[in-house]
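For reference, the structure discussed in these notes is given below.
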Amino acid sequence: MEEQTTVLVVDDEKVIREGCTLLLQPEGYSVATAASGREALDLMRIQPVDVVLCDLKMPGMGALEVLEEAGRLHPDVPIIIITGHGTVTDAVDCMKKGAYDFVTKPFRADHLTLAVKRALEKQRLKRETRRLQEEQARNLYTLAMEQSRMHTIVNCMADGVLVTNRNLEVVLCNPTFMRLLGLSPAAPPPGPLAAYLDDESFLEALEDLAAAAEAEPARCLSQEICRGRVHLRAMTAPFFGPDMKMLGTVTIFHDVTAFKELDAMKNDFVQMVSHELRSPMTAIKLQHEVILQGLAGEVTDKQRQLLNRAQVKIQGLIDLVNESLDIARIEAGYRQLELLPLQIGEVLQEVADLLRVKAEEHKVYLQVSNSPDLPPVLADRRSMEEVFTNLVTNAINYSPDGGEIRVSAVSRGGYVEVQVSDSGIGIEPEEIPKIFDKFYRVKHPRTRQIIGTGLGLALVKGIVDAHRGTVEVESRLGEGSTFRVFLPQ
Ligand code: ATP
Ligand code: MG
């Protein structure tokens, strides 16, 4: 239920108090009365009052004193002065001191109710204004708190944070970012990204990401940035407005130097162990060959059979050691790539010629077709031989009898694209991201008997990456696979 509005009538004349009561009650107001200023103030202390009608001149405490004290204690309550004709100037003085209005005696009913209504409206507006001001102050406080919290979080993060706008200008970065990048704190944002980061490949990748963001909003970027001995992993995601227009990008820079150092130690260890294993294993293989050739005496069929089996296993171990060594060298950046203009068509032909016998053994048809005016690529010949030997060997190994393998090369937008396609067993979609991991082999009943270490594709990727190229796979289970290698011209 809505609370009734209370009007307090303060007048020493009973007739005025009663007259006002008679006029205001029918309008729906609750009317309280007081015969003196003191009585009015006492009443206001114990009962809520919305508007006061106060006689100007009363014995003892007059309207001016009521105004003063009520104004202090109840600043929201408007006071209307009741005044006689001769005292209008005094009433005006009261208004200067804060009274809201005055009515002159004898007053008309509609004058009185209008004055009360207006006073109440003014009070309502005043309260509403105060409420809005308080709300605004609260909102500003919350915003300031939120900002300060965000500021604290971003500034205390152990990872570097870099935020750009849609034009890829830096709008925010935290102290960790400045420290990781070795920048002086005297270069605060905003500013062009290139003033903060000079890693060309990162800048290009970020531009690509921004250009494609609206079409592929879920696409993120993961890049490694190397500055002296500091290695950073940069993860970038675009962010969008409510209309899905890209507003900018956020990049987190994580210091992975310690992991890199550990990895380098692991590579050194693998290199050392592999090296130590390779010589004795090669020696064992040679000694077996000597025995197999009958140079150490008569060899029985059973002995030959056992030695042949042992030879296959030893060769597998030698391959494992060689591949481990290659991977460790590539990862550590030790392997020297001799980048020279190379006719990749020639390499493909040589690899195919070398593997043709193996293909025939597997009853697989192998065909090479190069487009005639293929431009040369800048590449290391031995590494390229390794890449395509691995891809074609896989195509042979993972194809059933009667399969077909097609190797082809075409020039495409600044790249030479080499395709190795087979009609083999194919790879399940969820396996595809894993097959380039070291030692990963797909568990498949038909591949169980195929000997391999799971290092071939890791090596392929390592070499192609080192040439600033890319390798892609497209495959359908049971239908075949296509490996595409893109090499910059
Ligand atoms: P190796 O180190 O001797 O090459 P591997 O052939 O097992 O051993 P990768 O060449 O790295 O290792 O290949 C990884 C896995 O990917 C393979 O075990 C196989 O399951 C799958 N794979 C690779 N190429 C193909 C292909 N052409 N068709 C089907 N599966 C393939
Ligand atoms: Mg392989």
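Each reported figure results from applying straightforward, stated rules to the coordinates on display, with no laboratory input. Bear in mind that the values here come from a model prediction, so they are computed numbers and not experimental data. No Cβ is skipped: glycine too gets one built from the backbone with ideal geometry, and neighbour counts run over all protein chains shown.
Numerical summary
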quantity: 13 Å cut-off, amide nitrogen to a point 7 angstrom out along LEU378 Cα→Cβ, residues in the stretch 446-489; calculated: 467-469, 488-489
quantity: Reduced Cα scattering model of the stretch 158-301, Debye log10 I(q)/I(0), q = 0.13, 0.17, 0.20 Å⁻¹; calculated: -0.67, -0.95, -1.15
quantity: Reach of LYS266 by Cα under 24 Å, taken over lysines that are not fewer than 8 positions away in the same chain; calculated: LYS434, LYS438, LYS461
quantity: Partner aspartates and glutamates for LYS313 [C-alpha distance under 14 Å; skip if fewer than 8 residues away on the same chain]; calculated: GLU289
quantity: Residues ILE463, ILE432 arranged by fewest to most Cβ contacts within 10 Å; calculated: ILE432, ILE463
quantity: Label point 7 Å beyond Cα of ILE284 along Cβ direction - residues of the stretch 306-346 with amide nitrogen under 18 Å; calculated: 306-325
quantity: Neighbour count of at most 16 Cβ within 10 Å plus DSSP loop: longest GluC sites (Glu not before Pro)-free window in the chain; calculated: 14-213
quantity: C-alpha center-to-center spacing [the stretch 453-489, the stretch 230-270] in angstrom; calculated: 23
quantity: Antiparallel bridge percentage (DSSP; both residues within the chain; nearest 5); calculated: 70
quantity: Isotropic mean projected area of the C-alpha convex hull, the chain (nm²); calculated: 42.2
quantity: The chain - mean residue ellipticity at 222 nm from DSSP helices (-39,500 (n - 2.57) per run, n ≥ 4, rounded to 500); calculated: -15500 deg cm²/dmol
quantity: Per-peptide average of other Cβ atoms within 10 Å, ordering 149-157, 265-273 highest first; calculated: 265-273, 149-157
quantity: Dipole-positive endmost among GLY248, VAL163, GLY182 within the stretch 157-255 (Cβ charges, Cα centre); calculated: GLY182
